[in-house]
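Enquirer: Structure in structure tokens, see below.
The values are calculated or read from the model by the stated rules, or taken from the named source; none is laboratory data. Keep in mind that what you see is a predicted model, and the values were worked out from it rather than measured. Positions of Cβ are backbone-derived with ideal geometry, glycine not excepted, and every protein chain shown enters the neighbour counts. Surface accessibility is based on the protein's heavy atoms, side chains included, excluding ligands, DNA and RNA. Shrake-Rupley method; radii C 1.70, N 1.55, O 1.52, S 1.80 Å.
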Amino acid sequence: MRCIADTAPGATVFPLPSDRPPVTLRGFRPTDVPFISAIVADALHEHYDPSLYQSLGTEWPDGFLVAADPSDVPVGFLLGVSQVDREARILMFAVARGHRTAGIGTLLMTAFLDRCRARGYGRVTLEVRVSNATAIRFYTRFLYSVIDLLRAYYSDGENGYQMARELA
Ligand SMILES: CC(C)(COP(=O)(O)OP(=O)(O)OC[C@H]1O[C@@H](n2cnc3c(N)ncnc32)[C@H](O)[C@@H]1OP(=O)(O)O)[C@@H](O)C(=O)NCCC(=O)NCCS
């Protein structure tokens, strides 16, 4: 992964394919909430209290990565937490429609795994709808594999897969 410029501390600009503007990977800010809420509503069909994002990001701020466009508007994010010793769990991960298949998800996941390694985590887990073939393919490319079937895991009754990968 090649970065073209460093901006604010902890923020890095990444080029995308030539027809797409670059994105900046940075930490979460409270002003991101309306944009992230809109991505979550559209991509994950969930509506959370705005305070949830702030509170989930408190324990491990580096686990909450935001990909922002050149106007600093979030176009994707990954929110990870650590609830088990030496293990991270991805709670939410989405890229805004219209910004997908340009490599933003790959940037977010790669940076997140680097941060997990830096913390000495040995494993990352996540949950995904069994019908979400796009995400399952993406995670498989990142060496996650299905470790459990979670019956009626989602509020609409759909089953989920728990997926996990080990970290070297
Ligand atoms: C899953 C998700 C986050 C991936 O984000 P993304 O930005 O599209 O991810 P990328 O662009 O890095 O990769 C997506 C695919 O595009 C391909 N791709 C990336 N850059 C590309 C480019 N320049 N040209 C062609 N293909 C490209 C990747 O190889 C990848 O292929 P694969 O995963 O099918 O093997 C996104 O699809 C999404 O937000 N989905 C809705 C929410 C969701 O399902 N979240 C997960 C819930 S558990």
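Enquirer: Could you tell me whether Ala133 is without any contact (Cβ under 8 Å) to a residue 12 or more places away in the chain and within 12 Å of the ligand (Cβ to nearest atom)?
Expert: Answer is yes for this residue.
For (1) within 29 Å of Arg119 (Cα to Cα); (2) modelled with pLDDT of 95 or more; (3) over 17 Å from the mean Cα position of the chain (by Cα), each residue gets a yes or a no:
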{"residue": "Ser18", "(1), (2), (3)": "no, no, yes"}
{"residue": "Phe28", "(1), (2), (3)": "yes, yes, no"}
{"residue": "Pro34", "(1), (2), (3)": "no, yes, no"}
{"residue": "Ile39", "(1), (2), (3)": "yes, yes, no"}
{"residue": "His45", "(1), (2), (3)": "no, no, no"}
{"residue": "Leu56", "(1), (2), (3)": "yes, no, no"}
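Enquirer: From Ala168, Ala164, grab the single residue that is of a type in the set (A, V, I, L, M), over 22 Å from Ser37 (Cβ atoms) and either assigned to a strand (DSSP E or B) or open to solvent by less than 20 Å² (accessible area, probe 1.4 Å) (or both).
Expert: Unique residue meeting the criteria: Ala164.
Enquirer: If the Cβ limit is 9 Å and pairs must be 6+ apart or interchain, which residue in the range 92-111 that is closer than 15 Å to Arg26 by Cα and more than 6 Å from the ligand (Cβ to nearest atom) pairs with which residue that is part of a helix (DSSP H, G or I) and at pLDDT 95 or above?
Expert: Cβ pairs passing all conditions: Met109/Phe138; Met109/Tyr139.
Enquirer: Could you list all residues from the range 132-159 that are open to solvent by 70 Å² or more (accessible area, probe 1.4 Å), assigned to a loop (DSSP other than H, G, I, E, B) and within 18 Å of Gly105 (Cβ to Cβ)?
Expert: Across the range 132-159, the qualifying residue is only Leu143.
Enquirer: Can Ser155 be described as under 25 Å from Asp42 (Cβ atoms), touching an Asp or Glu at 6+ places or on another chain (Cβ under 7 Å) and either among the polar types (S, T, N, Q) or in contact (Cβ under 8 Å) with a residue 60 or more places away in the chain (or both)?
Expert: No: the conditions fail for Ser155.
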